[in-house]
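Just so you know, all these numbers are worked out from the coordinates, no wet-lab data involved. As the structure is a prediction and not an experimental result, all values here were calculated from the model. Cβ coordinates were reconstructed from backbone atoms using ideal geometry, including for glycine residues, and neighbour counts include every protein chain displayed.
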Amino acid sequence: PDGGPWAPPDVVAPWRMRERMKTVALALVLALNLGVDPPDVVRPSPCARLECWIDPTHAQKAIEAIARALQQQYEAWQPRAKYRTCLDPTSEDVKRWCISL
């Protein structure tokens, strides 16, 4: 019999891409808002303080150190990619960065 609409197709399309895509550029956009607690959240007395294994007490130096540490971690996965970091950006900054990649 025909099998109707539930009959298996004669040719099954391959699910894998033939060509590999390469990541050539990466943007690390960090909007950490260090020192600002989330709204409507009460922090417990002993709570996690580290960001990327770095103490964020001095905001600007901490943000740069966190960005460096995060980039080093990503470089282990994508060593040839070009990395650009954008620290505490506005939405317009993110738009410009995405367009410039």
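How large is the translational diffusion coefficient of the range 14-101 in µm² per second when you combine the Kirkwood radius over alpha carbon pairs with Stokes-Einstein at 10 °C and 1.306 mPa s?
Details: Rh = 15.5 Å.
My calculation gives 102 µm²/s for D.
Roughly what % of Cα-Cα distances in the range 54-101 sit above 18 Å, to the whole percent?
Numbers: 494 of 1128 pairs.
For the range 54-101, the fraction of Cα-Cα distances above 18 Å is 44 percent.
Roughly how big is the range 17-83's charge dipole about its Cα centre, with Cβ charges of +1 (Lys, Arg) and -1 (Asp, Glu), in debye to the nearest 20?
440
For the range 29-68, give the magnitude of the charge dipole about the Cα centre (Cβ charges: +1 Lys/Arg, -1 Asp/Glu; no others), in debye to the nearest 20.
Charge dipole, the range 29-68, about its Cα centre: 120 debye, nearest 20.
Which length gain, in nm to one decimal place, applies between residue 88 and residue 68 when the Cα-Cα distance is subtracted from 0.36 nm times their residue separation?
Gain on stretching residue 88 to residue 68: 5.8 nm.
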